[in-house]
Structures are given as structure tokens and as C-alpha cells.
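This report refers to the structure that appears directly beneath it.
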Amino acid sequence: MSSVTELLHTKYPLVQAPMNWATDARFVAAVANAGALGVLGPNAGLSEMVHGSAAHERQLQAQLDQVRTLTDQPIGINVVLEPDPAPHMNSTLEVAFANGIRYFAVVGEPDQAVYRRIKDHGGVILARPLTPTVANAKAAEAYGADILVATGYDEGGILPQHFQGTFTVVPTMADAVSIPVLAAGGINDARGVRAALVLGAQGVYVGTRFLVTAEAPVAPAAKETLLAGSYDQVDLVSHDQRSLMTPGAKQLAARFKETNDGRAIDQIIAQRGGMLPGLRLGQVDDNIISTNTGLDLIKHGGTVAELVEELMEGIK
């Protein structure tokens, strides 16, 4: 086994990225049963906005209860680092600790106090700075991270604020730290996995490719749009978000090109619900569909188990 599989107690060195609005108990359990690490993301299992820490705690607990009826394999939880006061982050951690969760996909600049809190509860930290640098990679390792996620600009979701692709970021991060590195960004097939390993990663962290699987809680219309999409139909709608060029996304992209005011557009997207209306509810035409840049490599859906085996072909 690689050190990643030893740390995660999984069959494969593969982690499913905790995508906002696009995970739930059934999906994460399917990933875990297939031999990878499934991770509950923000708003897991929800199809509408809920507000307040108590409501989020109840929802997370319900998801964890359901996961445990579907798998006995390890799963993880996403933690988004927040400045103090951090009610949502703190409530997520408390529910996770109470349920004996050991694996934490921690997003944001390394925070020594939060890392220590997770380690004090026996947690394994998968650190993912949004914009990976040698400095924050070294800080994450020094603060106790067990695995570093090296995210390239090829990714979907919230983009790094540099233009280094996965092929640049992965070897740079692998050379900077002694802990295992997971490659993230544009990995959609076994060729991408093998390339990441050659570049120095010890595993991969995959998001977009999972969106079109049968178990993913993504609207059929959004899955169809992703499967029909191609690289030349993807563009920036702000400094840190890209989308398939749906009619709504085209309007945002045009406004961004005209004004260069990404913050204002991010606020518009947030007010509409972020990924909720497009991905989760299937209101494709009016909203964004976040994706990595390798859409041409996503040719079919299939089950989670089929995808995991496809990605891990020839990987031990």
C-alpha cells in the first residue's frame, strides 16, 4: 500500500472532493464502498438553503447516521477554515468529533489552532490551501497536516489565485514537503492519475469527474450538460470561478470581461445560491455549472464503483 492508503485505510489512493451542494450520504457511502475516501461536502444532502449552526448540525448528523447504514468504511468531512468567530466551522467539528470521524478535508490557509484541535481528537488532516504555495505547504506540514492537496488551476470549484496548472503545482509541492501529496485539478481518467503519480503525487483528489456518476446528487439536466460540454465551452465568470457557458454564465462572463469586477459577480452567484440552482436543482440555463477544464475527457456517467475502478486501473 502507499502511505496514502495506509493513512486513509482505503483500498485506493483516491479522495472524492467534497463539492458544495453535490454530495450526500448515498454518494459518499458509494465512494467508500468502492475503495476510495468519500467526503461529505458543504450542504451535504440539502436541496435548499438552511440557516443557522443548529440547522446545519442537525443536517450533518442526519447524513452521518445515514452513511453508517450504507457503509462500514471510513469517510471524511469537509472543514472550511473561517476567521473567529467561526460558528459553522466549530459546529461541523463538534458533530464530527462526537461521531468519531477521523478524516478531515480542511480547506483554507493553514491554521495551527484548528489543526491542533483536530489532531487532539485523533484526526487525519488533508490540508488544501485554496492557492497552494511552498510557504503554506510547509506551514501545513509544520502544523500537523498528514496529507497535502496540491490544486492546479485546471480544477473546478473555487480557483487558485495563480495560473499554475496541475502539472506545475504537483511537483513543486511534492518537492516542498515530506508528507504525501494528492494531485487535484483536471484529473478525469486513468491517464491523469498516472501522470500525477509520475509528477510526485502519491494519490489524487477528484471532483468534477464524480458529478456525472449515477449516485451523485446532481440534477439530470446538469449531468447531461456536463457530458455534452467541451473545453472550448468553459470560461471564467469571475477571478475565482469558471463555468460551462450556459446562457446565464455567458452573461456573467461578458460582464466580467467588461468590468473585471469579480467580487461583484461572486456576490451575484452567491445570492442566487452558488452551485445550488444549477448543479443540484437543474436550473441550468440561468446559472453556472462549475467544472474543471478537462470536460472532453468525461464521456460517460456510470456508477461510482465503475468510475473508481476506471481511474485506478493499474494502480495498487
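The values are calculated or read from the model by the stated rules, or taken from the named source; none is laboratory data. Everything numeric in this text was worked out from a predicted model, so none of it was measured. Glycine gets a Cβ as well: all are built from the backbone with ideal geometry, and neighbour counts include every protein chain shown. Each accessible area value is taken on the protein alone, full model and side chains, heavy atoms only, with ligands, DNA and RNA left out. Shrake-Rupley method; radii C 1.70, N 1.55, O 1.52, S 1.80 Å.
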Please find, within the range 158-171, the residue that is nearest to the chain's Cα centre (by Cα) out of those that are open to solvent by 30 Å² or more (accessible area, probe 1.4 Å) and in contact (Cβ under 8 Å) with a residue 40 or more places away in the chain. Ile158
Within the range 241-257, does at least one residue satisfy the condition of being part of a strand (DSSP E or B) and under 18 Å from Thr166 (Cα atoms)? yes
Select from the range 1-22 the residues that are closer than 17 Å to Arg128 by Cβ and aliphatic (A, V, I, L, M) and write down the one among them that is surrounded by the fewest Cβ atoms within 10 Å (Cβ to Cβ). Leu7
Scan the range 296-316 and report the pairs whose first residue is more than 20 Å from Gly186 (Cβ to Cβ) and whose second residue is modelled with pLDDT of 95 or more and buried (at least 20 other Cβ atoms within 10 Å of the Cβ), with Cβ atoms within less than 6 Å and a gap of 6+ or a chain change. Ala305/Ala34
Just name the residue that is farthest from the chain's Cα centre (by Cα) out of those in the range 107-157 that are at positive phi and at pLDDT 95 or above. Gly122
Would you check if Ser53 is of a type in the set (Gly, Ala, Ser) and closer than 20 Å to Arg117 by Cα? yes
Exclusive hit being under 19 Å from the mean Cα position of the chain (by Cα), over 27 Å from Glu48 (Cα atoms) and of a type in the set (Asp, Glu), set Asp266, Asp240, Asp189: Asp189
So, in the range 295-314, how many residues would count as being within 19 Å of the chain's Cα centre (by Cα), assigned to a helix (DSSP H, G or I) and over 15 Å from Gly192 (Cα atoms)? 2
Note: among Tyr153, Tyr205, just one is in contact with a helix residue (DSSP H, G or I) (Cβ under 8 Å, 6 or more places away or on another chain) and either touching a residue at least 40 places away in the same chain (Cβ under 8 Å) or part of a loop (DSSP other than H, G, I, E, B) (or both), namely Tyr153
Which of the residues spanning the range 277-316 are surrounded by fewer than 23 Cβ atoms within 10 Å (Cβ to Cβ), under 19 Å from Phe27 (Cβ atoms) and polar (S, T, N, Q)? Thr303
Just one of (1) more than 21 Å from Arg128 (Cβ to Cβ); (2) open to solvent by less than 10 Å² (accessible area, probe 1.4 Å); (3) at pLDDT below 95 trips up Ala25, so point out which. (3)
When Gln161 is run through (1) outside any helix (DSSP H, G or I); (2) touching a strand residue (DSSP E or B) at 6+ places or on another chain (Cβ under 8 Å); (3) of a type in the set (S, T, N, Q), the failure sits at (2)
In the range 208-239, what residues are surrounded by 17 or more Cβ atoms within 10 Å (Cβ to Cβ) and not in a helix (DSSP H, G or I)? Thr213, Glu215, Ala216, Pro217, Val218, Ala219, Gly229, Val234, Leu236, Val237, Ser238
Within the range 192-207, how many residues are open to solvent by 10 Å² or more (accessible area, probe 1.4 Å), over 14 Å from the mean Cα position of the chain (by Cα) and of a type in the set (Gly, Ala, Ser)? 3
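Table: residues versus (1) touching a strand residue (DSSP E or B) at 6+ places or on another chain (Cβ under 7 Å); (2) within 25 Å of Gly282 (Cα to Cα); (3) not aliphatic (A, V, I, L, M).
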site	(1), (2), (3)
Val4	yes, no, no
Leu7	yes, no, no
Thr10	yes, no, yes
Thr23	yes, yes, yes
Ala36	yes, no, no
Leu40	yes, yes, no
Met49	no, yes, no
Gly52	no, no, yes
Considering the range 51-71, residues that are of a type in the set (Val, Ile, Thr) and within 21 Å of the chain's Cα centre (by Cα), and then whichever is farthest from Asn20 (Cα to Cα), we arrive at Thr71
Hey, can you tell me all the residues within the range 271-294 that are more than 18 Å from the chain's Cα centre (by Cα) and hydrophobic (A, V, I, L, M, F, W, C)? Leu281, Val284
